[in-house]
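In what follows, a structure is listed as structure tokens, so that the remarks can point back to it.
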Amino acid sequence: MERYVLVCTIGGNALKFHEKLRNDVCYKFKKRKAKLPAHFTIKAPFETDKIEDMLKVLQEFQKNNHKTQIKIQEYGKFRKDVIYMNVKVSPEAKKTHDELIDELSKIPWINFKSNEGKNKVFHCTIVSKRIQDKFKEIWDYVNKYPCDFDEYFDNISLYMWNKNTWILLKRYDLK
């Protein structure tokens, strides 16, 4: 069984901003950096020995779908565990995402938890590992930096866990 995660990596100026802010926060507050680039999650980490099923679905989906607009704006949080950049999906991006979830749901071994799937909170995590002790300071720090970017849901990227990090297995670009 291998471990995978399915995401949309975020590019452009939002990626540069995210990398700098994440590096600053992790250095300044002595927190661990996540091992994935800026992204929003499509399917949280899962294990399978039948990844070919997913590869077929993603290849087919890529042929029939185009990139859609998203806006990355301001910050949000989950409890005192996660600080993130808000990802606001356009109606078109939400439709594309939900159609992808429908297609993935046809794979017998896939199931989506309530915080995944169609009704998830779209977000791009800045920091999340054991941050309760410095939560308020980190929250105040990130909020000093305006966050407002127009980007795209333009890829579906499948990563595989290997030697204690995520390695890109396959990226499907939406034109």
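So, K120, is that one within 16 Å of the chain's Cα centre (by Cα), of a type in the set (K, R), within 30 Å of K31 (Cα to Cα) and surrounded by 14 or more Cβ atoms within 10 Å (Cβ to Cβ) or not?
yes
Taking the residues in region 134-150 that are touching a residue at least 24 places away in the same chain (Cβ under 8 Å) and outside any helix (DSSP H, G or I) as candidates, determine which candidate is farthest from L15 (Cα to Cα).
N143
For E151, which of the numbered conditions (1) over 18 Å from Y84 (Cβ atoms); (2) out of contact with any Lys or Arg (no Cβ under 6 Å at 6 or more places or on another chain); (3) crowded, with 19+ Cβ neighbours inside 10 Å fails to hold?
(1)
Just checking, which of K94, K118 is basic (K, R), at pLDDT 95 or above and not in a loop (DSSP other than H, G, I, E, B)?
Answer to the check: K94.
Evaluate the following for N65: is it modelled with pLDDT of 95 or more and surrounded by 15 or more Cβ atoms within 10 Å (Cβ to Cβ)?
So N65 fits the description; yes.
Considering every residue within region 99-106, establish whether at least one is farther than 22 Å from A14 by Cβ and part of a loop (DSSP other than H, G, I, E, B).
Yes: one or more hits.
Tell me which residues, restricted to region 156-171, are closer than 18 Å to F61 by Cβ and among the aliphatic types (A, V, I, L, M).
Matches in region 156-171: I156, L158, L168, L169.
Go through region 24-43 and give me each residue that's in contact with a Lys or Arg (Cβ under 7 Å, 6 or more places away or on another chain) and either among the small types (G, A, S) or surrounded by 12 or more Cβ atoms within 10 Å (Cβ to Cβ) (or both).
Of everything in region 24-43, those that are in contact with a Lys or Arg (Cβ under 7 Å, 6 or more places away or on another chain) and either among the small types (G, A, S) or surrounded by 12 or more Cβ atoms within 10 Å (Cβ to Cβ) (or both) turn out to be V25, C26, F29, K31, K33.
I'm checking my understanding of the structure. Among residues of region 159-168 that are touching a Phe, Trp or Tyr at 6+ places or on another chain (Cβ under 6 Å) and either touching a residue at least 60 places away in the same chain (Cβ under 8 Å) or among the acidic types (D, E) (or both), which one is surrounded by the most Cβ atoms within 10 Å (Cβ to Cβ)?
Here the answer is Y159.
Need pairs with beta-carbon distance below 6 Å; first residue among the basic types (K, R) and within region 23-48, second in a strand (DSSP E or B) and surrounded by 18 or more Cβ atoms within 10 Å (Cβ to Cβ); sequence gap 6+ or separate chains.
Hits for this filter: K31/V127; K35/W166; K43/L6.
For region 58-75, how many residues meet the condition of being within 19 Å of the chain's Cα centre (by Cα) and either over 23 Å from V87 (Cβ atoms) or basic (K, R) (or both)?
Result for region 58-75: 2.
Can you name the number of the only condition in (1) in contact (Cβ under 8 Å) with a residue 40 or more places away in the chain; (2) surrounded by 18 or more Cβ atoms within 10 Å (Cβ to Cβ) that F112 fails?
Going through the list (1) in contact (Cβ under 8 Å) with a residue 40 or more places away in the chain; (2) surrounded by 18 or more Cβ atoms within 10 Å (Cβ to Cβ), F112 breaks only (2).
How many residues are charged (D, E, K, R) and either closer than 17 Å to V7 by Cα or in contact with a Cys (Cβ under 8 Å, 6 or more places away or on another chain) (or both) when one looks only at region 71-112?
Residues meeting the conditions: 9.
Looking only at region 46-86, count how many residues are part of a strand (DSSP E or B) and acidic (D, E).
Number of matching residues: 2.
The values are calculated or read from the model by the stated rules, or taken from the named source; none is laboratory data. If you're wondering where the values come from, they're calculated on a predicted model, not measured in any experiment. Every residue, glycine among them, receives a Cβ derived from its backbone with ideal geometry; neighbour counts consider all protein chains shown.
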